[in-house]
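The values are calculated or read from the model by the stated rules, or taken from the named source; none is laboratory data. Please read these numbers as outputs of a predicted model, since none were measured by experiment. We place every Cβ from the backbone using ideal geometry, glycine too, and count neighbours over all the protein chains shown.
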Amino acid sequence: MMSNQADGQMKYDLHNHTHYSTCSTFKPLHLLKLAKKIGLDGAAITDHNTLRGGLAVRKLNKDKNFEVIVGSERYTDRGHVLGLYLHKDIKSRVFEEVIEEIRQQGGISIIAHPFRFLPRAYFKREGLSKDSYPDVIECFNSRTAPYANALAGRLAEKLDMPKSAGSDTHFPFELGKCCTVFEGSLREALLKKKTMVFGRSHTALFGASLSFFAKASCRMGLRSWPH
Ligand SMILES: [Zn+2]
Ligand SMILES: [Zn+2]
């Protein structure tokens, strides 16, 4: 697949894990090479609770036409939050505080898979003040059922909020399944609600099973904990 930069359209996958998340075995160099090979123009690395994956991929990237966004995914009391353009790890697990920490760093906050049918992954927005809403809603996530992605899209439209898409990649076959397409700079496109999103959500069960075994192999000492 060719890069899209010739026609001015950029294609980024905004939700990816590396082996710095226990549920993934994807090596930073492999992710970077594959992302370029399949025609992505950029990728956000969003490991659970750490920037180490993003920093590792960014360090390996020597291509100025490929952007690596350092980020993280944080579990909170109201769902999973992605932070993009981060400089330091997020400390809090309280949703409103996490959003504020990302804002303080000049980052962009995204509510990940808001309708994924898991109690801790579901976006609980009851009683949330408008000031504490994330900047963006993830509307395509390849590990989330199609109906849940459709609901996320409808929520973004109802609230008139920017949309993003990311594959929630944990293994190579997942990369690039969901993409955010835009012109110019990603940050501007997101904040001006100028992104287009697309994706497929067929990796949910297979991907989740592989993540289960990846995590179990860490617990059983068959694989070292990410460090
Ligand atoms: Zn998540
Ligand atoms: Zn994730």
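If you check every pair at least six apart or on different chains, which have Cβ atoms under 8 Å apart with a residue in region 62-77 that is over 15 Å from ALA44 (Cα atoms) and within 16 Å of ligand 2 (Cβ to nearest atom) first and a residue that is hydroxyl-bearing (Ser, Thr, Tyr) and not in a strand (DSSP E or B) second?
Final answer for the pair search is THR76/SER92.
So which residues in region 112-149 are surrounded by 14 or more Cβ atoms within 10 Å (Cβ to Cβ) and hydrophobic (A, V, I, L, M, F, W, C), if there are any at all?
Answer for region 112-149, where residues must be surrounded by 14 or more Cβ atoms within 10 Å (Cβ to Cβ) and hydrophobic (A, V, I, L, M, F, W, C): ALA112, PHE115, ALA121, PHE123, LEU128, VAL136, ILE137, CYS139, PHE140, ALA145, ALA148.
What residue, among those in region 74-91 that are part of a strand (DSSP E or B) and touching a strand residue (DSSP E or B) at 6+ places or on another chain (Cβ under 8 Å), is farthest from LEU51 (Cα to Cα)?
By that ranking, first place goes to GLY79.
Restricting to region 96-112, count the residues that are within 16 Å of ligand 2 (Cβ to nearest atom) and out of contact with any helix residue (DSSP H, G or I) (no Cβ under 7 Å at 6 or more places or on another chain).
5
Within region 8-54, track down each residue that is in a loop (DSSP other than H, G, I, E, B) and among the polar types (S, T, N, Q).
Listed by number, the residues that qualify are THR18, SER21, THR22, SER24, THR25, ASN49, THR50.
Pick from region 160-183 the residues that are free of Cβ contacts under 8 Å to residues at least 40 places away in the same chain and more than 16 Å from ligand 2 (Cβ to nearest atom): which of them is nearest to the chain's Cα centre (by Cα)?
Residue satisfying both the conditions and the ranking: LYS163.
All but one of (1) modelled with pLDDT under 95; (2) closer than 26 Å to LEU210 by Cα hold for LYS130, so report the exception by its number.
Going through the list (1) modelled with pLDDT under 95; (2) closer than 26 Å to LEU210 by Cα, LYS130 breaks only (2).
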